[in-house]
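Here the structure comes first, spelled out in structure tokens, and everything after it is commentary.
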Amino acid sequence: MTVLTPTVRTWVRTSLFWIFAIAVALLIAVAVMVTRGAAGSGGAPLSPTNAGPVGSMAVAEVLRDQGVTVVVAATITDALKALARSDEATLLLHDSGQFLARNQLTEVTAAATHTVLVEPGFTQLRALAPVVKSAGQVSGVLQADCNVPAVVNAGTVTGGGSGYRVDDGTEGFAACLGSGDERVSLVQFAQDGRTMSVVGTVDALSNEHIAANGNAAFALTLLGATDTLVWYQPTTADLHAENAPTVGELTPDWVSSVIALLLLVFVAAAVWRGRRMGPLIIENLPVTVPASETLEGRARLYQQASARLRALDALRIGSLERIARMSGLASTATVDEVVLAAAALTGRDAGMVKDLLVDAIPVSDRDLIRLSDQLLEFERAAAHATRPA
Amino acid sequence: MTISGWFVALLVLGIVPIVVLDDPLALAVWVALVIVVAALDLAMAGSPRMLALSREVAPRMRLGESVPSTLYLTNQGRRNVRAVVRDGWQPSTGATPSRAPVTIPAGERRALTTTLTPFRRGERRAAHVTVRSYGPLRLAARQATLALDGAVQVLPAFHSRKHLPSRLARLRELDGRTSVMIRGQGTEFDSLREYVRGDDVRSIDWRATARKRDVVVRTWRPERDRRIVIIVDSGRTSAARIANETRIDTAFESALLLAALATRAGDRVDLIVYDRRVRGQVRGATGADLLSRMVTVMAPIDPELIEMDWSGVPSLVRSVTNQRSLVVLMTSVDAAGAARGLLTMLPQLTLKHTVLVSSVTDPAVAAATLDRRNREAVYRAASAERARLDASRMAAAIRRVGADVVTATPTDLPPAVADRYLALKAAGRL
């Protein structure tokens, strides 16, 4: 017997190239992952250890060269420890994930002489600067418009990031880098002897834009005012402070095992149902041509062109032919003869019959439908008159 | 190879040890266990490659009937084969069951019967047989597809043969009638018989009466040994489907009924299926052989999407016969544009032969003329009236060049053609 299914050995031999190609592709992917780091090309934004375009390694390194001690804090405990170690310290707080609670925010800012809040969200503003409100996105280049040293040194700053608005009638606030409509990108104010800066220009601090405009001067002046800079970006690790059990702690250990098993079951079921019972069988199918194609096409043409008279005439010719046959006229009989015969047959007025069968011109589709109905009805009457009792 | 639903079920069962033991290792152990058991099961499955196959099926069948196809599987391997077998017939063969379970002990042979109920005419083929052989636990299976050709010729249904007895009865009525009923050019003298009351006195043969000293009348019978040439158009217009039957199928039905009737009446029938080339032909066959050869020729022919070449038809008819004959053209006479070739060719045929053109009409067109529900329906009715007018004009044009036209719905056309033939025969116009 000729076996069409290849044996395992021949299958491996014929698909060796593809097995090899897939293996090479996987190897390359793994190699790239290992060399570039699993985080991918972007990395964490504004991270002082990220050399990518969105990172801020440049600022941190330049500050270190200038003699500023840059401490990278991963948790709130680290940050508090680092702040406690020096008398004058600047805290850069970038909490894009909104991980810190209100009490944590006040606790960590209270320890610093100067706090730089980078792109604070709603919770942070409520806790630390209640009179400052979010005011949407900012883009373009912003001009120096106040006497805050960082802004004066910079001259121009890349504005990409968030904008803020200070409530009317509040005193002691320096609102800088305006982009119109009372929207500013830097708000600085003093609070209990400490300085608080709300900074929206995220792009100006990133590696990608640090060399543009006066960004470098802006960043270095803002962050390098004290000997120590604590660079703190809260993570999920800071959430543990609440002592609340996580979802992982609440579920029993076997749940993840069961989920893994169900995934395997899904794959197995797919293989079970997906394996075909032999190859498809080829069959040439005959062409199928619907017979009424031309009929439908012509009907649509009549309708699109609103050829009412032409359509009605077609119906009339059909009716005339049938009525002529019913009245026993020869097929050569003229239209007038048929009309007279039909009028005599049904006992209707010859003028009206002629109007219906020959003369009336439909001016609207409604007219056409009415006349076609009358034709049908007239034909029925004629048939009734000729039928033997 | 493949796995069965039991394998999946066994895998799902792993939830029990995982939950009860509550150990991360339980998952790995269970999956490994299932895979090992399935691998053992697979190793114990009989090899489908060790099967020797043969198939027995009737070579021809009529459309609408069922025939059994028997597949013999001989297990030449050392292990038993517990398998599901799929006999690979084409879908339109209507093979049931499509999958059948079978157990073949080592060295033995089993038969599997599949019932074929094709729903299309022509040659229906089988290409291969797929065997899925399960292990003793039915967890995993080995699968192989074995090449095994098979074919069954599906002949036209010939539904119109139900009309045959009544038409044959009418044919017999033509036989032996007295001259007053049918005397004409085409009738020929048959025999003499005694006068019975009611016979036409004009058909009394006085010479025979004088010899026999009893009144004797002449009887007549319809002419015999006339030729009928049936030409079926297999071009583009014949592909159109009317009332769920293609035009060519209706033409085949009409041709079969006409041939069955004519061959009983003693006429000779030739069939040619033609578009731009001769797709099939039956010449010089008589009696039962004629019909069987006709259905065999018709079976594989499907219409082609090309224009019918009418100009080749006269020479085709000439090649069949030189004597005067009835030429039946089975085509469609719907629109003037499509039938121009037919009209220009017809005079050449009508010069020498009696020509009958048969065409299918669409019952949907007649129904459409009466449907005037709304705007769309009225325009459609107008279009349908127009189509009928075109068709009747075409019929008139064909009659003007001396040919006869028969048009009817698909179910009515075969008996209508047969009736026209009988009428022509009775009138002696063949």
Distance in Å, no decimals, from the C-alpha centre of region B:71-90 to the one of region B:363-430 is 55
For region B:50-155, the Cα-Cα pair-distance distribution in 10 Å bins from 0, as whole percents, is 16, 47, 26, 11, 1
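Summarise the partner chain shielding of A:311-321 as one whole number: the mean count of Cβ atoms from other chains within 10 Å of each residue's Cβ. Don't jump to the answer; show the numbers that get you there.
Values: counts 8, 2, 3, 11, 10, 2, 5, 9, 2, 0, 4.
Across A:311-321, the average partner-chain Cβ count within 10 Å equals 5.
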Place +1 on the Cβ of every Lys and Arg and -1 on the Cβ of every Asp and Glu in chain B, take the dipole about the Cα centre, and give the residue among B:SER133, B:ILE230, B:GLY14 whose Cα lies farthest towards its positive end.
-> B:ILE230
Residue with peak Gaussian network fluctuation, chain A [Cα springs, cutoff 10 Å], from A:GLY43, A:GLY274, A:GLY67 | A:GLY274
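Give the shape of region A:119-198 as rounded, prolate or oblate, defined through the alpha-carbon gyration tensor: a ≥ b ≥ c are the square roots of its eigenvalues, a/c under 1.5 means rounded, and otherwise the shape is prolate if a/b is larger than b/c and oblate if not. Working shown, then result.
On the way: a/c = 1.74, a/b = 1.24, b/c = 1.41.
Oblate.
On alpha-carbon atoms, Rg over Rh for the protein assembly as shown using Kirkwood Rh? Display every interim value, and only then the final one.
Values: Rg = 47.6 Å, Rh = 37.9 Å.
Ratio of gyration radius to Kirkwood radius: 1.26.
Region A:282-389: which trypsin sites (Lys or Arg not before Pro) are DSSP loop and have at most 12 other beta-carbon atoms within 10 angstrom?
Numbers: sites: A:ARG298, A:ARG300, A:ARG308, A:ARG310, A:ARG316, A:ARG322, A:ARG325, A:ARG348, A:LYS354, A:ARG366, A:ARG370, A:ARG380; in loops: A:ARG348.
Here no loop site has a sparse enough neighbourhood.
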Each residue of region B:160-167 in order: what ³J(HN,Hα) in whole Hz does its phi give by Karplus 6.51 cos²θ - 1.76 cosθ + 1.60, θ = phi - 60°, with x for Gly and Pro?
-> 6, 5, 5, 7, 5, x, 5, 6
Placed amide H near B:GLY280: partners under 5 Å, 5+ positions off or other chain | B:VAL273
Of A:MET277, B:SER203, A:LEU229, which is farthest on the positive side of the dipole of the protein assembly as shown, counting Cα position, with +1 on Lys and Arg Cβ, -1 on Asp and Glu Cβ, and the Cα centre as origin?
-> B:SER203
For A:TRP231, which sequence-distant residues (separation of 5 or more, or a different chain) have an amide H within less than 5 Å of its own amide H, given hydrogens modelled in the peptide plane?
-> A:VAL71, A:VAL72, A:ALA73, A:LEU92
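Please report, in debye to the nearest 20, how large the charge dipole of region A:38-88 is about its Cα centre when each Lys and Arg carries +1 at its beta carbon and each Asp and Glu carries -1 there.
Working: 3 positive and 5 negative charges, 27 e Å.
So the dipole magnitude of region A:38-88 works out to roughly 140 debye.
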Work from the charge dipole of region A:338-389 (Cβ charges, +1 for Lys and Arg, -1 for Asp and Glu, about the Cα centre) and give the residue of A:ALA341, A:HIS384, A:ILE369 farthest towards its positive end.
-> A:HIS384
Note to self: C-alpha centroids of region A:277-291 and region A:197-259 sit apart, in Å, by 63
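Within a 10 angstrom radius of each residue's Cβ in B:366-377, how many Cβ atoms of other chains show up on average? Whole number is fine. Mind dumping the intermediate values first?
Details: counts 0, 0, 4, 6, 2, 0, 7, 2, 2, 5, 3, 3.
Shielding by partners across B:366-377 averages 3.
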Between the alpha carbon centres of region A:293-314 and region B:1-55 the gap in Å comes to 67
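Could you tell me which trypsin sites (Lys or Arg not before Pro) in region A:72-147 are loop residues by DSSP with no more than 12 other beta carbons within 10 angstrom of their beta carbon?
Numbers: sites: A:LYS81, A:ARG85, A:ARG102, A:ARG126, A:LYS133; in loops: none.
Sparse-neighbourhood loop trypsin sites (Lys or Arg not before Pro): none present.
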Average partner coverage of B:304-312, which counts Cβ from other chains inside 10 Å = 0
Is region A:335-389 rounded, prolate or oblate when judged by the Cα gyration tensor, a ≥ b ≥ c being the square roots of its eigenvalues, rounded requiring a/c under 1.5 and prolate requiring a/b larger than b/c?
-> oblate
Which far-off residues, 5 or more places away or on another chain, put their amide H under 5 Å from the one on B:VAL357, with H placed in the peptide plane?
-> B:LEU329, B:ASP404, B:VAL405, B:VAL406
Each residue of region A:334-342 in order: what ³J(HN,Hα) in whole Hz does its phi give by Karplus 6.51 cos²θ - 1.76 cosθ + 1.60, θ = phi - 60°, with x for Gly and Pro?
-> 6, 4, 4, 4, 5, 4, 4, 4, 5
What does the charge dipole of region A:297-383 about its Cα centre add up to, to the nearest 20 debye, if the Cβ of each Lys and Arg holds +1 and the Cβ of each Asp and Glu holds -1?
-> 340
Considering only the protein assembly as shown, percent of DSSP beta bridges that pair antiparallel, nearest 5 | 65
What percent does the relative contact order of chain B come to when contacts are Cα pairs within less than 8 Å and at least six residues apart?
-> 13
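With a cut-off of 8 Å between alpha carbons and a minimum separation of six or more residues, what is the relative contact order of region B:227-426 in percent? The partial results should precede the final answer.
Working: 339 pairs, mean separation 50.5, N = 200.
Dividing the mean separation by the residue count of region B:227-426 yields 25 percent.
From Cα pairs below 8 angstrom and at least 6 apart in sequence, can you work out the relative contact order of chain A, rounded to a whole percent? Numbers along the way, then the final one.
Working: 540 pairs, mean separation 56.9, N = 389.
For chain A, the relative contact order is 15 percent.
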Bin all alpha-carbon pair distances of region B:227-426 at 5 Å intervals from 0 and give each bin's fraction as a whole percent.
-> 1, 8, 16, 20, 22, 15, 9, 5, 3, 1, 1, 0
Given the options A:THR195, A:THR221, A:THR332, state which has the largest fluctuation in a GNM of chain A using a 10 Å cut-off (strictly under) for Cα springs.
-> A:THR332
Nearest 20 debye, what's the magnitude of the dipole of region A:144-208 about its Cα centre given +1 on Lys and Arg Cβ and -1 on Asp and Glu Cβ?
-> 160
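Rounded, prolate or oblate: pick one for region B:377-430, where a ≥ b ≥ c are the square roots of the eigenvalues of its C-alpha gyration tensor, a/c under 1.5 means rounded, and failing that, prolate if a/b is larger than b/c, else oblate. All intermediate terms of the calculation are to be shown ahead of the outcome.
Working: a/c = 5.62, a/b = 1.88, b/c = 2.99.
Oblate, because a/c is 1.5 or more while a/b does not exceed b/c.
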Work out from phi, with θ = phi - 60° and the Karplus expression 6.51 cos²θ - 1.76 cosθ + 1.60, the ³J(HN,Hα) of each residue of region A:304-313, listed in order in whole Hz, and give x for Gly and Pro.
-> 5, 8, 6, 7, 5, 5, 4, 5, 5, 4
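No value in this document is a laboratory result; all are computed from the given coordinates. Just so we're clear, the structure is a prediction, and the values are computed from it rather than from any experiment. Glycine gets a Cβ as well: all are built from the backbone with ideal geometry, and neighbour counts include every protein chain shown.
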